[in-house]
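Here is the structure we will look at, set down as structure tokens.
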Amino acid sequence: MKLLQSPAVRVGLSISIATGLYGVSFGALGVTSGLDFWQTMALSLLLFSGGSQFAFIGVVAGGGSGVAAMGAATLLGMRNGIYGMQLNALLQPRGWRKYAAAHVTIDESTATSTGQTDPDEQKRGFWTAGIGIFVLWNIFTAVGALAGSALGDPKQWGLDGAAVAAFLGLLWPRLKGREPVAIAVVCALATVLAVPFVPAGVPILIAAFVAAAIGWFSHGRSDEGLEPDVDPYAEHHQHPRQDPHSEEAGR
Amino acid sequence: MNLWMWLLLACLLGYGWKLLGYLVPASLLRNPRMSRIAGTMTIGLLASLTIVNAVASGQALALDARIGALAAAGIALWLRAPFLVVVLAGAGAAAGLRLLGWS
């Protein structure tokens, strides 16, 4: 197969497997958070963005309202708009492809694409990772959701601990350097302080606004926090990240 | 039904963000500040979700087996374990501590 000789396709396939597999944990945590099987599947099929999906079920599991869950998921999805802008400039999809490309625009497909330099490879990387992750993520969400509903008492299996670990796992790759760590600590503190005083779910939104204020008033890297959960080029050490603003900013 | 409504709205808004990047002219969106806020907000939200799931029980704060899960996940990540192993470490720690009698 000629396609398999493309480095971007190979990276796209391996990232698809690595990311798709952890759909199992989303599926299992989805049904134990209080959602039913189809609600969990709807998130993977329609929302399709790991962080936002985990945020939605994380708020619901903590007793938060549907509005708060929607708020947290939506705020976490903002970065996908930034990715869309980058990818639109890079791949220039036309017609219906634009709408399809938008749906599979996530951390990993963006990182796979922007890690390549040749325009054809960028395209192949994006579509391989985007479609591959979409298919596997949904299959494994279903597997996890079915297994999760058969488990009985989720606490006995430590699934609430699994949720904590999943969020830390999503946060971890973004903590490169002192500044993101400081942002994380400040937001975690704001959350803990807010918990006793406001309804469940709201502390998370308060932390989001604290983080937005930090972003507005401080000047740091403009791609801070925009790292994929699974780095497609991890074995190639650090790849230079695509920064669409660097030329304009004259850096 | 109510939860379905918020869930579908979340899906719609999530897709809206993604599509916005493709439809709005780049000149309007090419703003380092927007990109930076998207990033700091991602860090802040994930940090907040981590801590809420670790220590909050409704409107109360509680130190229970979930703290053990947080520590175990931290150690697994420090050792560069892949995501699924990190999640399993969290589940194992919480389940194990409960077996030992710590709720």
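Quick note: the coordinates plus some simple rules give every number you see, no bench work behind them. Model, not experiment: these values are computed from the prediction. Methodologically, a virtual Cβ is constructed for each residue, glycine included, from the backbone with ideal geometry; neighbour enumeration extends over all protein chains shown.
Table for the structure above
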| read-out | value |
| --- | --- |
| Rg over Rh, two decimals, region A:1-136 (C-alpha only, Kirkwood Rh) | 1.02 |
| Footprinting exposure proxy for A:56, A:134, A:217 (fewest neighbouring C-beta atoms within 10 Å first) | A:217, A:134, A:56 |
| Separation in nanometres of the label points that stand 7 Å from Cα toward Cβ, at residue A:99 and residue A:38 | 2.3 |
| Stokes-Einstein translational diffusion, chain A - Kirkwood Rh over all Cα pairs, 0.692 mPa s, 37 °C, in µm²/s | 172 |
| Length-normalised contact order for chain A - Cα pairs under 8 Å, 6+ apart - percent | 31 |
| Centre separation in Å (Cα based) which lies between region B:13-52 and region A:156-187 | 19 |
| Solvent-free Debye scattering, log10 I(q)/I(0), computed from the Cα coordinates of region A:75-115 at q = 0.16, 0.28, 0.34, 0.35 Å⁻¹ | -0.35, -1.01, -1.30, -1.33 |
| Check: chain B dipole with +1 on Lys, Arg Cβ and -1 on Asp, Glu Cβ, in debye | 340 |
| For residues of A:39-45, the mean tally of beta carbons on other chains within 10 Å | 2 |
| When the convex hull of its Cα atoms is projected in every direction, mean area for region A:123-200 (nm²) | 8.4 |
| Shielding by partners, peptide A:222-231 (average Cβ within 10 angstrom, other chains) | 5 |
| Nitroxide proxy distance, nm - points 7 Å out along Cα→Cβ at residue B:8 and residue A:147 | 3.1 |
| Degrees, to the nearest 10: B:83-99 long Cα axis against longest axis of chain B | 40 |
| Reciprocal of mean inverse Cα separation for region A:74-203 (Kirkwood radius, Å) | 17.8 |
| Viscosity 0.692 mPa s, temperature 37 °C, Stokes-Einstein D of region B:11-103 from Kirkwood C-alpha radius, µm²/s | 204 |
| Chain B: angle of helix B:32-55 to the longest principal axis, Cα-based, in degrees nearest 10 | 20 |
| Selected from A:116, A:86, A:39 as most flexible by GNM, with chain A as the system and alpha-carbon contacts under 10 Å | A:39 |
| Overall dimensions of region A:17-90 as given by Cα atoms, namely Rg and Dmax in Å | 13.1, 42 |
| Straight-distance crosslink candidates among lysines, where the alpha carbon sits under 18 Å from residue A:2 and sequence neighbours closer than 8 are dropped | A:123 |
